[in-house]
């Protein structure tokens, strides 16, 4: 045999022991792995209630029937106990729900007004070169890496929402969609190699299983949650908060870095994230000041946040990117929001 987790850093090892589910055994059938993983679940309420129940599951008898009954009971419970909390709850309030046997943690983002985008800086024209003189324009005072599609403007979100504390993990995805498409495997790592279209299907199925209204965040919701009350290029120290080109070579398990002020992990890195909106380079100049939801149509969808292979300028709170809806990449994942539904 071998140890399930190995790491040189004690903190990383402790986090894995407490939060990371062991990988299934490759030489065992699915029903055996299902029973073993349930027996070793981090949440004791998910484990078997007796040795007899465990042995029954290992033998494969009635296992699927028991699982189906539990999931249906959970679905009905979630309908009786909606996720939403009445307005007035403080920013970063945390709630958890177990959906399809997997734990989801959400953070509350209250209604509010914030400055979306980044400062343009001041253009300064200078002449460069010794023999061949040329004129160049430099921007002084703006954020490094800023693009012209980041025009600053005030945005008001009148409805609070819950947002997933981490990026959607491979465990979450597999429990809903059945297969793990990720290039870099790890059950607690963010799922990647997923298109915008497949993320929409995940949201539809998760809504159906949970009784909640689950969707991708709008671009405004995403930046509001990312900033968590801050106004600078980042919501804190980039190296402490994110996995990016300067400190890793692939994505890492979610939740290892420092969260932002509202308890959200990996908003500046690990994998970039799909948003609900169509992308328009000039949208900020004409978008509504209240509850913007993107253009009515377009060719590409908005992508936000940094990733494990991006430089700091592309990890900023205001940085905008875009991809075709069918695009898949090992640097691109997502997180979901749940609209407040009240108690």
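The values are calculated or read from the model by the stated rules, or taken from the named source; none is laboratory data. Everything quoted here is computed from the prediction, not taken from an experiment. For neighbour counting, all protein chains shown are included, and Cβ atoms are generated from backbone atoms with ideal geometry for every residue, glycine included.
Numbers for the structure displayed
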| item | result |
| --- | --- |
| Segments classed as strands (runs of 3 or more DSSP E), wholly inside the stretch 110-173, with at least 2 members that are at pLDDT below 95 and over 22 Å from the mean Cα position of the chain (by Cα) | 122-128, 134-140 |
| Some residue of the stretch 181-188 being over 23 Å from residue 145 (Cβ atoms) and surrounded by 21 or more Cβ atoms within 10 Å (Cβ to Cβ) | yes |
| Residue match in the stretch 238-256 (condition: more than 21 Å from residue 185 (Cα to Cα), part of a loop (DSSP other than H, G, I, E, B) and under 19 Å from the mean Cα position of the chain (by Cα)) | no |
| Residue ID - modelled with the lowest pLDDT, chosen from residues in the stretch 330-343 that are crowded, with 17+ Cβ neighbours inside 10 Å and part of a loop (DSSP other than H, G, I, E, B) | 340 |
| Some residue of the stretch 209-232 being farther than 29 Å from residue 113 by Cα and surrounded by fewer than 22 Cβ atoms within 10 Å (Cβ to Cβ) | yes |
| Looking only at the stretch 265-293, and only at residues there that are part of a loop (DSSP other than H, G, I, E, B) and in contact with a helix residue (DSSP H, G or I) (Cβ under 6 Å, 6 or more places away or on another chain), the one that is surrounded by the most Cβ atoms within 10 Å (Cβ to Cβ) | 267 |
| Candidates 178, 186, 211, filtered to the one that is in the same structural domain as residue 301 (by TED's automatic domain parsing) and closer than 21 Å to residue 251 by Cα | 186 |
| Output for the stretch 191-208, where each listed residue is part of a helix (DSSP H, G or I) and either crowded, with 23+ Cβ neighbours inside 10 Å or touching a residue at least 12 places away in the same chain (Cβ under 8 Å) (or both) | 196, 197, 198, 199, 200, 201, 202, 203, 205, 206 |
| Boolean, residue 83 is modelled with pLDDT under 90, under 27 Å from the mean Cα position of the chain (by Cα), in a helix (DSSP H, G or I) and over 28 Å from residue 314 (Cβ atoms) | no |
| Residues of the stretch 294-326 satisfying the condition of being surrounded by fewer than 17 Cβ atoms within 10 Å (Cβ to Cβ) and closer than 22 Å to residue 252 by Cα | 311, 313 |
